[in-house]
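The block underneath contains the structure these notes are about, expressed in structure tokens.
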Amino acid sequence: MKNLLLVLVLFLSIVTVAQAQPSRSDAATSSGLLSADASVITGFGQLEGAVCQTDGTNNTTVVLYDHASGATGTELYKMTVPYYNYFGGAIFTTPIRFKLGIYMDITNGSCIIYYRK
């Protein structure tokens, strides 16, 4: 049931992002499902959104930094998803610009980050 909900939320998120984008070749890119601290992308671009899933037992906290390789620098976005919600996130109608890249610092759970290079 939990996996079915994840697939449904992720599908709806992708459809929402796809419909919100004008017709152009530089549509948002997905990071894929990430479950550990990671460098998502290096270089400049725009943060389009994030969708996260808890492990069902613990809250998931994610912080996205404007940095290529570490949890430092300008904080682009921060959210906590309560364990009982299972899913949470945001798709930004006005993207957030980054200069150095996106580094994701996550505690419990997993996320998909949407960005445009």
So if we plug the beta-carbon distance of Y84 and S35 into 1/(1 + (r/R0)^6) with R0 = 22 Å, what FRET efficiency do we get, rounded to 0.05?
0.70
How large is ³J(HN,Hα), in whole Hz, for each residue of the stretch 56-62 in order, when computed from phi with the Karplus curve 6.51 cos²θ - 1.76 cosθ + 1.60 and θ = phi - 60°, using x for Gly and Pro?
x, 10, 10, 5, 9, 10, 10
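In cubic angstrom, how much convex hull volume per residue do the alpha carbon atoms of the stretch 62-116 span?
Numbers: hull volume 4.5 nm³, N = 55.
It comes to 83 Å³ per residue, whole-number rounded.
Only the coordinates and a few stated rules stand behind these numbers; no lab work does. Please read these numbers as outputs of a predicted model, since none were measured by experiment. Every residue, glycine among them, receives a Cβ derived from its backbone with ideal geometry; neighbour counts consider all protein chains shown.
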